[in-house]
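A short write-up of the structure that comes next.
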Amino acid sequence: MQGSFCFCGCGEGFVLNQTDKIRGALNRGLRKGVSSYIWLLKILIPVSLATALLDYSGWIHQLDVVLKPAMATLSLPPAAALPILVGILTGVYGCIASWPCCRLRWIT
């Protein structure tokens, strides 16, 4: 009898119940983890690609002239505008995805 304690004292029913609970918990956890991973990839890949294309095309460098006064009021370099705008539009994960491109521009 699964899910009940064995009256003979061997405890087999208890062990079967615990292993079923552990398997179920692991299964649910893996499903939630994979779905969260896919959800993050749906945000990170397009934003990273768009940021890289904007940087490669030079549009970000052309916008520096326009964004420099606004970023100066916040005591930030103009390159910080892209992560801020992307973060407002897509949330924190989009901001994280656009950050490496702008960080490299601050160094050079």
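The values are calculated or read from the model by the stated rules, or taken from the named source; none is laboratory data. Worth saying up front: this structure is predicted, and the values here are computed from it rather than measured. Every residue, glycine among them, receives a Cβ derived from its backbone with ideal geometry; neighbour counts consider all protein chains shown.
Restricting to region 68-108, and then to whatever is basic (Lys, Arg) and modelled with pLDDT under 80, can you tell me which residue is surrounded by the fewest Cβ atoms within 10 Å (Cβ to Cβ)?
Top of the filtered list is ARG103.
For region 1-41, a residue qualifies if it is small (Gly, Ala, Ser), modelled with pLDDT of 55 or more and assigned to a loop (DSSP other than H, G, I, E, B), and exactly one does: GLY9. Restricting to region 54-67, and then to whatever is surrounded by fewer than 14 Cβ atoms within 10 Å (Cβ to Cβ) and assigned to a helix (DSSP H, G or I), can you tell me which residue is modelled with the lowest pLDDT? In this case the residue turns out to be HIS61.
Scanning region 42-52 for residues that are surrounded by fewer than 12 Cβ atoms within 10 Å (Cβ to Cβ) and either at pLDDT below 85 or not β-branched (Val, Ile, Thr) (or both) yields LYS42, LEU49.
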